[in-house]
Amino acid sequence: MKRKSSSLVLIPIAIITTILMGFPFFWMLLSSFKSNSELFSWPPKILPSSITFEHYVDAISTFRFGRYFFNSVIVAVLSMLINVFFCSLAGYAFACLEFPYKKLFFVLILATMIIPVQITLIPTFLLVKNLPLCGGNDIFGRGGTGLLNTHIGLAVPHIMTAFGVFMMRQFYSQFPNGLLEAARIDGAREFAIFFEIFLPLSKPGLSALAIFTFTETWNDFLWPLVITRTDKMRTIQLGLEIFKGRFVNDWGPLMAATVISSIPIIVVFILFQKQFMSMSLTSGMK
Amino acid sequence: MYKRIARTALIFILPVFIYNIAFRIYPIIYSLYLSFTKFSGLGTPKFVGMKNFQSLILDKEFWLSMLRTMQFSAEVLPANMLLSLLLALLINRKMFGISLVRSICYLPVITPMVAASVIWTWIYDPNVGILNFVLNLFGVGPVNFLGNMSTALHSIVMMRVWRGVGWNMIVYLAGLQSIPKEVYEAASIDGANSLEKFVRVTLPLLRPVHMYVLLVGLVSTLQTFTEVYVMTQGGPINSTTVVGLLIYKTAFDYMDMGYASAMSFVVGTIIMLASILAVSRRKEVAM
Amino acid sequence: MHTWRKVLVVMVMALIAVSAFSKNTVLVWFAGTDKALTDCVDKLVREFEKRNPDIDVQVEFVPWGELSVKVATSFAGGIGPDIFMHGQAAVAGFVENGVLMPLDDCVEALEDIGDFGEVIEAGRYKGHLYFVPVYGSGRLLAYRSDLFERAGLDPSKPPSTWEQLREYAIKLTEWEGNRMKVAGIDLEVPSQQVWGIFLMSNGGGFFNEEFEPVFNSPQGIEALEYFTELVRKYKVYPEAGLPKVANLDPIVAGTAAMAFVTAETMAAAKKYAPDVYEKIKLSFPPARIKKATFYSFGGFMVSRFTKNREATIKVLSYLTSKSSITEISYVLGGIPSRKSAVNDPRFGSDPIISLFIEGMKYAFWNPNVPFWTRARDILSQYIERTVRGTMTPKEALDKAVEEIRKLK
């Protein structure tokens, strides 16, 4: 009985929330199908009177849209996998294991978060360019272009992030102490404890981090701007810039391209958010 | 045995640690060096000692901007944390269509600024915006939300909260999911009702998550840049110029990288102090 | 088998190496990315390479929003372009940062420098030429013929003096209760470009030869007083500014009856609100002492670090020739910087472009001062302050001058 009435109250709240949160996105979606003269008509029309795909055709056939998309996908997936793997390792270690100077290590990693990213842009750029033994560089990092204009270079700011380590550490500290003790008493090796016990149980946290890393990498504009040298390596966010003119934007294709560029994040989100609901964490003490 | 544990731990953190030293700490140190120079981004940096910091201390614009940024943070954080927790609770159930609601709540995070700014500028428009339409129904005169110095910053706050709630909602959701069912079952057996369960079980067990949301929220709100850059460019009359924007302008518009670096370090220090303050206060509350 | 492959690889590498040495590569960055531009440039480049087989021109198209950051980081990393397109306002800053190569000795290599007329001065800084303008974008006075009629004004007689402008604006402003439904004129506060038009038409100036700010002269103060009174005394423009409506400029959306528009605004109006576009008429900004209007120019600059100087100059000369300039400016919807290019029938047949071309006679541009972006921001803020009534025009301009002096 209680459940029924609480559901009734919740439904209108859920609906209002959905409208508030989703309205801008849906406006963008609907606009991408409107013809130019309708886009900003006054008074505003929500639904297009006639659906046109011209902006989508425009967007896809402009430049190497497919290539930009591909680049973004590669970099985002790469970053996601690397970040989730290594941050969960480190997060677990900080949360559950004891070792000398643990606090110092942690603080050092956290410290990388506090400096605004605009300022480290150029030094990081120079570092990536002069990385030894990459992209034509000699052992001192001279001569070539390092990791500039490469997929790995694009991933550089998004892997092994302090945010990731921090988040995983917090999630792992939610786990009951007993779990680790019991496993050790059972004589399990440290590596096995992590990979076979903790890792499978941390799906919500891993999923959250996966979604975040993918989103951050996908939406990143400033770094790809600085590090790509040729059109072939551009990412989708840079591609969107193409529709922005000096004084006026080309709104139709811009909306269409923006919608297309949002699809992968939504897909990743839907895929991973299933993980949130599938967990019913038992204490594993059995 | 401890040696074994310690060794494993070190292996686990080594990749992350080394990477951060090489690709994050090293550039930060280089930026610190830049803050003692006059450098336009082109050419070679010229050493000027403490001059940048001396100018910075006297820089009225900078400190005003810093105050503004802190005000911004103080408005965004509590709203964001509360709302995202409530949202997470709302969607943390098996209800029909809940996963659709969940996905839609995440949309603001991924809606590109280009589209979000058009919509929000529209919402805030003094003539045709929805907010003013509603205000009009109550007989309140048109408010130029983004054009008035007194309302501009708060308007951006609201937009930022809208944008960030979905993010923290996911974090809280993951945190909620990590609380074992048995704990709730045990509490039920002890006779606790829903509210008591929430306050006595959920909230305390979410403490590590609160800490994360608070600290990361603090760091990211104090560094806010994109929303202001796209919506108001810092106006009207600097009332929305937060430090993130000021640093960007100084570095890339005015080509004064040395000064911008000095600014970043002062801002970074303040962020660090604020974080330490936030963490220690939470500890008190926990006691 | 394997030796064959090795030999082949070595041969190919040798060929590449040889061709790399015998070909000069020139890297050119264009600002702007629309298809019309890229097609046009590709065509131009192919022509050039046919005539100059020893030069390999590599072109990158950079969106305007990306330009400054990309240029800064590329030069910082030592991998900048040889020739790049940018706005004229950036010249002084780049020169002070040691990025640009002076073009004085290449003037003979460029086609007929006199063809540019006055406009070439936009590229001069501290006595040297650093920038060759290619196309301009200017502002003209625009007004809505339908709103004119509604206010009882004759659409064929636009205002031509400051007094008329004020009168008309007052008549055109429409109120709904205490809400300004239609502003008489869009003054685009806080941008300093529109105010600049009044400053210049009153005979004032921004900076003198020694980069000293001089806009607080009596003419400047007069211009700001006129400007401020429009807002505060005659209430023809809202103090809090006039935002775009759903991305349409106020004059297109109908929230302003007059405005100073660019050719790009007109093109956007044509695209997104064609029925309103028909109702917008253009004229020259009203004069006080002289007619003046603001123009900004895009053009080419050459990097000081270019490795193949001769090849680079050849490419520059080609890109700034009459035919190239005609093509590029047409495709960008701008005004060609060369007088001879103006005679091309494509420009003459478009009444709007023709008007903008005529407007070039009265053009002024951003001052070539190294700290221009900072100065511009300071000036905008003080203009905003007077418009909101927190300072008098004289105070504001004097303070702005004081602050800008410190930038030197």
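The values are calculated or read from the model by the stated rules, or taken from the named source; none is laboratory data. This one's a predicted model, so the numbers in the text were calculated from it and none came from an experiment. So basically every Cβ, Gly included, is an ideal-geometry build from the backbone, and we count neighbours across all protein chains shown. Side chains included, ligands, DNA and RNA excluded: accessible areas come from the protein's heavy atoms. Shrake-Rupley method; radii C 1.70, N 1.55, O 1.52, S 1.80 Å.
For the reader, a short list of remarks on this structure follows.
- Look at the alpha carbon pairs under 8 Å that are at least 6 residues apart: their mean separation over the length of the range A:51-177 gives a relative contact order of 34 percent.
- Once the Cβ-Cβ distance of C:D154 and C:I113 is raised to the sixth power relative to R0 = 41 Å, the FRET efficiency obtained is 0.40.
- Ranked by how many other beta carbons lie within 10 Å on average, peptides A:256-263, B:197-204 from highest: A:256-263, B:197-204
- Relative contact order computed over chain A (Cα-Cα under 8 Å; 6+ residues apart), in percent: 27
- Put simply, chains A and C cover up around 2800 Å² of each other's accessible surface, both sides summed, when a 1.4 Å probe is used.
- Accessible solvent surface per residue of the protein assembly as shown, calculated while the other protein chains remain in place, 1.4 angstrom probe, Å²: 42
- Taking the accessible area of the protein assembly as shown, probe 1.4 Å, and keeping the other protein chains in place, the carbon and sulfur fraction comes to 63%.
- Cα→Cβ-extended label distance, 7 Å offset, between C:K394 and C:I79, nm: 5.7
- The mean number of Cβ atoms from other chains found within 10 Å of a Cβ in peptide C:210-219 is 0, as a whole number.
- C:S349-C:K408 pseudo-label distance in nm [points 7 Å out on the Cα-to-Cβ vector]: 5.2
- Summary value for the range A:77-143: 13 percent relative contact order, contacts being C-alpha pairs under 8 angstrom separated by 6+ residues.
- Among B:V266, B:V48, B:V183, the largest mean-square fluctuation in a Gaussian network model of chain B, built with springs joining Cα atoms closer than 10 Å, belongs to B:V183.
- For the range A:71-132 and the range C:147-187, distance of Cα centres in Å: 59
- In chain B, lysine pairs with alpha-carbon atoms under 21 angstrom apart (chain gap of 8 or more, or interchain): 11
- Per-residue SASA entry for A:C134, accessible area with 1.4 Å probe, Å² rounded to 10: 30
- Placed amide H near C:V57: partners under 5 Å, 5+ positions off or other chain: C:V26
- For the range A:77-94, a drop of 20 Å² or more in accessible area on going from the chain alone to the assembled protein chains (1.4 Å probe) is found at A:F86, A:L89, A:A90, A:A93.
- Rounded to 5, percent antiparallel among DSSP beta bridges of the protein assembly as shown: 70
- Per-residue 3J(HN,Hα) values for the range C:346-351, derived from phi via the Karplus relation 6.51 cos²θ - 1.76 cosθ + 1.60 with θ = phi - 60°, read 4, 7, x, 6, 9, x Hz in sequence order (x marks Gly and Pro).
- Taking 0.36 nm per residue of sequence separation and removing the Cα-Cα distance, the B:L195/B:F138 pair yields an extension gain of 16.9 nm.
- Drop in accessible area of at least 40 Å² in the complex versus isolated chain, residues of the range A:108-122, 1.4 Å probe: A:L108, A:I109, A:T112, A:M113, A:I114, A:I115, A:P116, A:Q118, A:I119, A:I122
- Antiparallel %, DSSP beta bridges [both residues in chain C], to 5: 65
- Counting only protein heavy atoms and using a 1.4 Å probe, the accessible area of C:T326 comes to about 10 Å².
- Each residue was assigned an accessible area with a 1.4 Å probe, and for B:I189 the value is about 140 Å².
- Kirkwood hydrodynamic radius of chain C, from inverse mean 1/r over distinct Cα pairs, in Å: 23.2
- Entries of C:K126/C:K408; C:K291/C:K399; A:K232/C:K70; C:K157/C:K270; C:K35/C:K322; C:K171/C:K394 with Cα pairs more than 25 Å apart: C:K291/C:K399; C:K171/C:K394
- Residues of the range C:100-141 with an amide N closer than 17 Å to a point placed 7 Å from the Cα of C:S340 along the Cα-to-Cβ direction: C:107-120, C:133-135.
- Extension gain, B:I270 back to B:H154 (0.36 nm per residue minus Cα-Cα distance, nm): 39.5 nm
- Solvent-accessible ranking of B:L153, A:L47, A:L108, largest area first, probe 1.4 Å: A:L47, A:L108, B:L153
- Leaving ligands and nucleic acids aside, the C/B contact buries around 2200 square angstrom of accessible area in total at a 1.4 Å probe radius.
- Residues in the range C:69-111 occluded by at least 40 Å² - accessible area, probe radius 1.4 Å, against chain by itself: C:V69, C:K70, C:A72, C:T73, C:A76, C:G77, C:I79, C:N97
- With every protein chain in place and a 1.4 angstrom probe, the accessible-area ranking of C:E264, C:E66, largest first, reads C:E264, C:E66.
- Largest GNM mean-square fluctuation among C:K171, C:K233, C:K126, using chain C with Cα springs under 10 Å: C:K233.
- Between A:R142, A:R64, A:R189, the GNM of chain A built on Cα springs shorter than 10 angstrom shows A:R189 fluctuating the most.
- Taken along the Cα-to-beta-carbon direction at a fixed 7 Å, the label points for A:V267 and C:K50 span 4.3 nm.
- Axial C-alpha extent at least 27 Å, average Kyte-Doolittle at least -1.0 - helices from chain B (DSSP): B:60-91, B:149-177, B:257-286
- Accessible area buried between chains A and B, both sides summed, probe 1.4 Å, in Å² to nearest 100: 8500
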